[in-house]
Amino acid sequence: MIALLLAAVSGAHDGHTAAAAHAGHDTITYWMVRAEADYGRADGADVWGWDADAWIGGDASKFRLTSQGEAHDGAVETAEIEALYTVPVSDFFEAKAGVRYDVEPDDRAYLTAGVIGLAPYFFETDAAAYLSEDGDLSARLTQEFDLLLTQTLVLTPEVEIEAFAQDVPELNVGAGFSSVRAELTLRWEITRKFAPFVRLEYERALGETAGLARAAGEDVETSSVRAGLRVWF
């Protein structure tokens with residue numbers, strides 16, 4: 001599946017690559033690492049979170065590695081890693097394909113395919129479909145944008161929504177939209193590479209997933225205030 005997707009994307013991209021080379025675009029290899037960690041309290045528990053993204057490549061393609069997750073009172077609740085290959089498909093978007101591995105809450109691997117880039121009105125967009133090793137299909141859409149309050153203060157709203165094509169009892173999720181997460185982050189960019197922040201976060205289970213949570217006596221929504229640090233290399 002991934003090979004076919006990349007072959008199709010690469011074929012569609014050949015003309016763009018040739019034109020770029022003809023226009024004098026270089027083949028320099030770049031790399032970047034962005035990492036952030038935060039701390040807060042939710043439902044009486046200490047919550048630590050992390051989100052990291054690293055890539056290496058050039059104008060034609062990149063290899064990308066990402067990780068995100070949370071720990072509650074020292075126990076890891078969610079943790080995932082993605083290894084991706086991306087190629088440009090337009091001036092503002094890249095197609096991505098690869099694998100995702102969830103360490104928690106359930107040891108599970110996925111094939112990944114999607115797009116990442118800048119949508120109209122400067123919305124940073126990450127949309128992906130996931131096919132698990134058990135054949136379960138899900139999707140995730142994340143959008144955010146930066147609003148500059150001053151030269152160093154940046155306000156970033158972010159929304160993420162997940163959906164599943166079928167019930168997945170092992171993950172306690174039902175078919176349809178399963179969850180939505182909204183964040184509002186105020187970042188102080190002391191430099192572009194070093195920025196402490198405060199964040200308001202709200203998450204809610206939706207649809208059948210919310211019903212399963214209620215039946216199990218679990219909360220369907222959580223909120224927290226967090227403080228953290230973002231760094232770039």
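So the values come out like this:
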item: Within segment 74-90, backbone nitrogen closer than 17 Å to the virtual label 7 Å beyond the Cα of GLU133 toward Cβ; result: 79-83
item: Accessible carbon and sulfur surface of the chain relative to its total accessible area, %, 1.4 Å; result: 64 percent
item: Inter-site label distance for SER223 and VAL159 at 7 Å from Cα along Cβ, in nm; result: 1.7 nm
item: Gyration tensor (Cα) of segment 69-184, equivalent ellipsoid semi-axes in angstrom; result: 26, 19, 14
item: For SER178, net neighbour charge (Lys/Arg +1, Asp/Glu -1) across residues whose Cβ lies under 9 Å away; result: -2
item: Å² per residue, accessible surface of the chain at 1.4 Å; result: 56 Å²
item: Selection of trypsin sites (Lys or Arg not before Pro), segment 146-203, meeting DSSP coil and at most 13 other Cβ within 10 Å; result: ARG192, LYS193
item: Rg/Rg_ref, segment 160-233, where Rg_ref = 2.2 N^0.38 Å and atoms are Cα; result: 1.45
item: Segment 46-139 - percent relative contact order, Cα under 8 Å, separation 6 or more; result: 17 percent
item: 14 Å cut-off, amide nitrogen to a point 7 angstrom out along GLU77 Cα→Cβ, residues in segment 179-204; result: 180-182, 201-204
item: Net charge of Cβ neighbours under 11 Å - reference ALA213; Lys, Arg +1; Asp, Glu -1; result: -2
item: Rounded to 10°, Cα long-axis angle of helix 2-22 versus longest principal axis of the chain; result: 40 degrees
item: Relative contact order of segment 36-75, defined on C-alpha pairs under 8 angstrom at six or more residues apart (%); result: 38 percent
item: Estimated [θ] at 222 nm from DSSP helical runs (n ≥ 4, -39500 (n - 2.57)) normalised by residues in the chain, nearest 500; result: -4000 deg cm²/dmol
item: Relative contact order (%) - criterion: Cα under 8 Å, at least six apart; region: the chain; result: 14 percent
item: Efficiency of FRET between ASP43 and VAL198 - r from beta-carbon atoms, R0 25 angstrom, step 0.05; result: 0.85
item: Environment charge at ASP46 (Cβ cut-off 13 Å; Lys +1, Arg +1, Asp -1, Glu -1); result: -3
item: Per-pair calculated FRET efficiency, R0 = 41 Å: THR152 and VAL89 via Cβ, rounded to 0.05; result: 0.75
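The values are calculated or read from the model by the stated rules, or taken from the named source; none is laboratory data. All figures in this text were calculated on a predicted structure; none of them were measured in a lab. Glycine gets a Cβ as well: all are built from the backbone with ideal geometry, and neighbour counts include every protein chain shown. Remember, those area values only see protein heavy atoms, side chains included, never the ligands or the DNA or RNA. Shrake-Rupley method; radii C 1.70, N 1.55, O 1.52, S 1.80 Å.
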